[in-house]
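The values are calculated or read from the model by the stated rules, or taken from the named source; none is laboratory data. Since the structure is predicted, the reported quantities are computational estimates derived from the model, not experimental observations. We place every Cβ from the backbone using ideal geometry, glycine too, and count neighbours over all the protein chains shown.
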Amino acid sequence: MKIAVFSTKPYDQRFLEPAAKEHGHELTFFETRLTADTVGLAEGNDGVCVFVNDQLNHPVMIELAALGARHVALRCAGYNNIDLNAAKKLGVRVVRVPAYSPHAVAEHAVGLILALNRNLHRAYGRVRDGDFRLEGLLGFDLVSRTVGVVGTGRIGWVFAQIVRGFGCRVLAYDTQPRAEGPQAGIEYAPLETVLTQSEIVSLHCPLTPETHHLIDDRAIERMRAGVMIINTSRGAVIDTPAVIRGLKSGKIGHLGLDVYEEEADIFFEDLSDRVLSDDVLARLLTFPNVLITGHQAFFTSDALHSIAETTMSNLSQLERADTCPNELLA
Ligand code: NAD
């Protein structure tokens with residue numbers, strides 16, 4: 001199949017090209033995101049391959065179908081950026097990569113916890129400046145701390161296992177709890193209990209109307225003083241101005257973000273020689289107890305290899321008009 005690949009970076013090309021060759025697909029790479037303004041680039045292709053910040057809303061889906069692109073291959077797990085109802089109506093088949101490496105994301109979430117707790121991000125700069133003082137770097141032992149996990153799907157489950165390995169108590173909330181929870185040392189509880197009892201809360205649920213701004217002023221008010229919040233799911237699960245208020249009041253002790261509600265025009269780009277126009281992100285960056293990474297949790301060679309292989313295999317199944325286990329249905 002001929003596929004237009006949007007939001008491409010050199011590393012995408014490096015992993016996608018060999019996989020495409022093996023499956024006999026022809027890829028055209030575009031650096032730009034897929035939006036209403038760029039959708040015309042898909043002309044002459046059987047489908048598009050997109051990532052987390054491409055916009056596949058109703059008008060874009062109509063345009064894609066009109067251009068003859070009948071397939072959308074998401075090279076990510078989350079699918080909050082596509083109008084699946086529109087795709088269904090237009091006869092466009094949509095596939096994704098539901099699990100490329102839950103370990104990559106879970107391990108990154110744990111990395112954020114360790115770095116924030118032990119102030120590794122600050123220690124790095126200090127020591128390089130010849131400042132070997134410890135004042136301001138005090139952390140806490142993770143053993144026996146209560147870690148709340150919201151969403152125990154593929155990533156949340158791996159995350160829970162890792163923190164269990166640290167000797168933490170794991171409290172979890174999921175709309176579909178796993179039967180094997182208690183056996184694995186994971187205590188399921190209502191969201192209210194998870195939020196009120198946990199010293200660390202890590203978010204691993206998808207972005208849906210129910211989880212939009214799940215962490216808002218009300219939720220923060222109910223949390224423990226000095227709580228650490230980690231978000232590697234989707235930015236809009238957190239109401240960012242609310243967490244800024246929580247950080248200013250001291251209620252939130254640490255915040256680790258790999259995702260941000262308004263990341264679409266910022267993340268994955270080098271803006272180092274420009275003035276940051278997003279005041280909310282700029283404010284977040286002023287806090288010493290906030291650590292932000294630019295949607296890099298998935299970014300391991302294992303995950304990129306798996307994403308490329310699954311994406312091309314998904315497209316091959318669509319080409320043969322086979323059923324595809326990774327197809328998203330409205
Ligand atoms: P998954 O579908 O395997 O698991 C999601 C879990 O959340 C499921 O168990 C589901 O029942 C639960 N859930 C759904 N609605 C909920 C709610 N209202 N409250 C609590 N739990 C709820 O997904 P996954 O592979 O574990 O990925 C989780 C999320 O992580 C994805 O949706 C995606 O947004 C994000 N993600 C981020 C990165 C990154 O690089 N930062 C990479 C991959 C995925």
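Couple of notes before you dig in:
- Tallying residues that are part of a loop (DSSP other than H, G, I, E, B), touching a Ser or Thr at 6+ places or on another chain (Cβ under 9 Å) and of a type outside the set (S, T, N, Q) within the stretch 17-50 yields 7.
- Sole residue being farther than 30 Å from D83 by Cβ, in contact with a His (Cβ under 7 Å, 6 or more places away or on another chain) and buried (at least 21 other Cβ atoms within 10 Å of the Cβ), chosen from L315, L291: L291
- Cβ separations smaller than 7 Å between residues 6+ apart or across chains give the following pairs from the stretch 55-80 residues that are closer than 15 Å to G40 by Cα and modelled with pLDDT of 95 or more to residues that are within 16 Å of the ligand (Cβ to nearest atom) and not in a strand (DSSP E or B): Q55/N81; L56/N81.
- Some residue of the stretch 101-124 being assigned by TED's automatic domain parsing to the domain that holds T152, touching a His at 6+ places or on another chain (Cβ under 8 Å) and not aliphatic (A, V, I, L, M): yes
- Only one of the numbered conditions (1) surrounded by fewer than 18 Cβ atoms within 10 Å (Cβ to Cβ); (2) touching a helix residue (DSSP H, G or I) at 6+ places or on another chain (Cβ under 6 Å); (3) hydrophobic (A, V, I, L, M, F, W, C) is not met by V95, and that is (1).
- If the condition is being surrounded by 12 or more Cβ atoms within 10 Å (Cβ to Cβ), over 17 Å from N231 (Cα atoms) and out of contact with any helix residue (DSSP H, G or I) (no Cβ under 6 Å at 6 or more places or on another chain), then the stretch 270-283 contributes L271, D278.
- The lone exception for E309 - which of (1) within 30 Å of N117 (Cα to Cα); (2) more than 15 Å from the ligand (Cβ to nearest atom); (3) not assigned by TED's automatic domain parsing to the domain that holds R126 it fails: (1)
- Put simply, of G139, G148, G226, G153 the only residue that is closer than 22 Å to L257 by Cα and either crowded, with 20+ Cβ neighbours inside 10 Å or acidic (D, E) (or both) is G148.
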